[in-house]
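The values are calculated or read from the model by the stated rules, or taken from the named source; none is laboratory data. Computed from a predicted structure; not experimentally measured. Glycine gets a Cβ as well: all are built from the backbone with ideal geometry, and neighbour counts include every protein chain shown. The protein model used for the area step is the full one, side chains on, heavy atoms only, and it has no ligands, DNA or RNA in it. Shrake-Rupley method; radii C 1.70, N 1.55, O 1.52, S 1.80 Å.
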Amino acid sequence: EVLNSFGHTEIHIPNPSWGNHVPIFRNAGLDVKTYSYYNKENSSLDFEGMIADIKNIPEGKCILLHVCAHNPTGMDPQIDQWKEISSVVKEKKLLPFFDCAYQGFASGDARIDAASLRLFVEDGHKVALVQSFSKNMGLYG
């Protein structure tokens with residue numbers, strides 16, 4: 001709803017993405033589009049398809065990126081790939097909307113797992129972020 005209140009009418013999410021992303025964004029009044037992310041044939045990141053699709057997102061739109069431990073694939077870009085993603089997102093003047101639900105689960109180090117987000121901030125992006133600590137720092141009794 002916050003994105004919508006700032007004039008965003010659509011969001012581009014990876015294909016696949018967490019199953020609740022689509023209904024959450026649609027219920028907030030956003031049109032949900034997808035970009036390539038995962039190559040099912042060889043169980044790998046479809047980086048070339050991802051970059052090509054991001055380059056085709058209209059300028060100024062919003063793009064959802066998983067900070068780490070991509071849900072549901074667990075497949076994350078390497079840091080050099082994140083640099084290219086950041087460059088294309090900046091060139092297209094997209095709003096990067098980060099979902100960070102599994103920080104610390106990808107590498108075992110919460111600091112390392114936040115590298116993509118820190119990179120975007122260092123590159124001068126204004127970012128949106130949703131952060132959950134229910135899985136990685138929750139206390140259960």
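In table form, for the structure just shown:
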| quantity | calculated |
| --- | --- |
| Residue-averaged 222 nm ellipticity for the chain, from DSSP H runs of 4+ at -39500 (n - 2.57), nearest 500 | -8500 deg cm²/dmol |
| Amide hydrogen neighbours beyond the local backbone of Leu65, cut-off 5 Å, H modeled | Phe97, Phe98, Asp99 |
| For the chain: relative contact order, % (alpha-carbon pairs under 8 angstrom, 6 or more apart) | 20 percent |
| Among Gly60, Gly124, Gly49: highest mean-square fluctuation, GNM of the chain, C-alpha pairs under 10 Å | Gly124 |
| Within region 1-74, chymotrypsin sites (Phe, Trp or Tyr not before Pro) in DSSP loop having at most 14 other beta-carbon neighbours inside 10 Å | Phe6 |
| Residue-wise HN-Hα coupling along region 86-99, computed from phi with Karplus coefficients 6.51, -1.76, 1.60 (Hz; x: Gly, Pro) | 4, 4, 5, 4, 5, 4, 7, 6, 7, 8, x, 10, 8, 10 |
| Charge context of Tyr38, other residues only, Cβ under 15 angstrom, K/R +1, D/E -1 | -4 |
| Summed residue charge, Cβ within 14 Å of Ile57's Cβ, Lys/Arg positive, Asp/Glu negative | +1 |
| Label zone at Val130, where the point sits 7 Å out along the Cα-to-Cβ direction: region 59-81 residues whose backbone N lies under 14 Å | 63-67, 71-72 |
| Per residue accessible area in Å² of the chain, where ligands, DNA and RNA are left out and the probe is 1.4 Å | 55 Å² |
| Whichever lysines have a C-alpha closer than 18 Å to that of Lys92, once near sequence neighbours (fewer than 8 apart) are set aside | Lys33, Lys55, Lys61, Lys83, Lys126 |
| Net dipole in debye of the chain [+1 Lys, Arg Cβ; -1 Asp, Glu Cβ; about Cα centre; nearest 20] | 280 debye |
| Rounded accessible area of Lys90 (nearest 10 Å², 1.4 Å probe) | 100 Å² |
| Distance (nanometres) between label positions extended 7 Å along Cα→Cβ at Lys92 and Glu122 | 2.3 nm |
| Label-point separation in nm, Lys83 to Asn56, each point 7 Å along Cα→Cβ | 2.7 nm |
| Using θ = phi - 60° and Karplus 6.51 cos²θ - 1.76 cosθ + 1.60, couplings along region 119-130 (whole Hz; Gly, Pro as x) | 4, 4, 5, 4, 7, x, 6, 8, 10, 10, 9, 10 |
